[in-house]
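Just so it is clear, none of the values below were taken in a lab; they were calculated from the coordinates. All values reported here derive from a predicted model rather than from experimental measurement. Ideal geometry is used to build each Cβ from the backbone, glycine not excepted, and the neighbour counts take in all protein chains shown.
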Amino acid sequence: MEHEVKVVKKQIDGIRLSLGTLLLVLACTYMIVLATFVQLNITHFILPQGFFQGESLNFKDYLHSYKLIPQIPIVMFVGAFLGRKYGITSILLYIVLGLSTLPIFALGGGPKYILEYGFGYILAYIPAVFFSGTILKSGFTIKNMLKAVFVGVLTIHVFGLLYMLLIAALRHEGATFIVSWIHFQSGIKIVYDLILSFVAVFFAKYAKIILWFYM
């Protein structure tokens, strides 16, 4: 059993450059593009405020729906699946293609996209994959996966917000715009990104083992 664990760990850590690896990098880049234009409608149970105030509630009051673009969880999957080096390669390919006029970003593409408020989130994919990949390099334990997801997702949101503040300052935007942006882009969304990113990394662990076992 111990020998099998060592073999699996070697398969996870020892990804080598090959035609198959290059195809996986391209496939993961395509997944990031697709995730940009997909919207998940997440519905889950909550305790509404009226519950604590003794109000008369119906079943729908206990359900909350949230629309999420799953790009950050997909980026976390890519980093966990491909590893630090090839994960960053996939992200860089996505950025280069988007800046070369291909409309694969949420609001289009081209060099001018650098001045978009949300471009900082995209740039933050690079350090996020680096940090999370570094953590996961020592093994896909629950502790490491939780740590990698927390560090990766927070890196994206913090860097994204700092970039947004820079662009907002250059455009002389007011406090109302900044607060509404923070609430929309990095409010409750962080919670959903953390949960789905952990699911994505957990899935990447076994997808990686299975794929490299048969390669």
*Any idea what the relative contact order of the chain is, in percent, if you count C-alpha pairs under 8 Å spaced at least 6 apart?*
23
*Past the 24 Å Cα-Cα mark, which pairs from Lys67/Lys208; Lys147/Lys208; Lys85/Lys112; Lys85/Lys189; Lys67/Lys205; Lys112/Lys147?*
Lys67/Lys208; Lys85/Lys112; Lys85/Lys189; Lys67/Lys205; Lys112/Lys147
*Considering the values (i) 0.99; (ii) 1.14; (iii) 1.19, which represents Cα Rg over 2.2 N^0.38 Å as calculated for the structure under consideration?*
(ii)
*Just order 34-45, 72-83 by mean Cβ neighbour count inside 10 Å, highest at the front, would you?*
72-83, 34-45
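Could you give the length gained on full extension between Arg171 and Leu26, defined as 0.36 nm per residue of separation minus the Cα-Cα distance, in nm? Provide the component values of the computation, followed by the final result.
Values: separation 145, 0.36 × 145 = 52.20 nm, distance 3.58 nm.
Extra length from Arg171 to Leu26 when fully extended: 48.6 nm.
Name the helices (complete DSSP H segments) of the chain with a Cα length along the long axis of 30 Å or more and a Kyte-Doolittle mean of at least 1.0, or state none. Don't skip to the end; give the middle numbers.
On the way: long enough: 142-170 (42 Å, 1.88); 189-214 (37 Å, 1.45).
Span-like helices, by this rule, are 142-170, 189-214.
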_Theoretical FRET efficiency, 1/(1+(r/R0)^6), r = Cβ-Cβ of Leu92 and Asn41, R0 35 Å, to 0.05_ = 0.65
*Could you order peptides 185-192, 172-179, 152-159, 201-208 by the average number of other Cβ atoms within 10 Å of their residues, highest first?*
152-159, 201-208, 185-192, 172-179
*asked:* Positive end of the dipole of the chain, charges at C-beta (+1 Lys, Arg; -1 Asp, Glu), about the Cα centre: which of Phe52, Ile42, Ser65 has its Cα farthest in that direction?
replied: Ile42
*Between Phe52 and Ser180, how many nm apart are label points set 7 Å from Cα along the C-beta direction?*
2.8
*Tell me, in nm to one decimal, what length is gained between Lys143 and Phe203 on full extension, where the rule is 0.36 nm per residue of separation less the Cα-Cα distance?*
20.1 nm
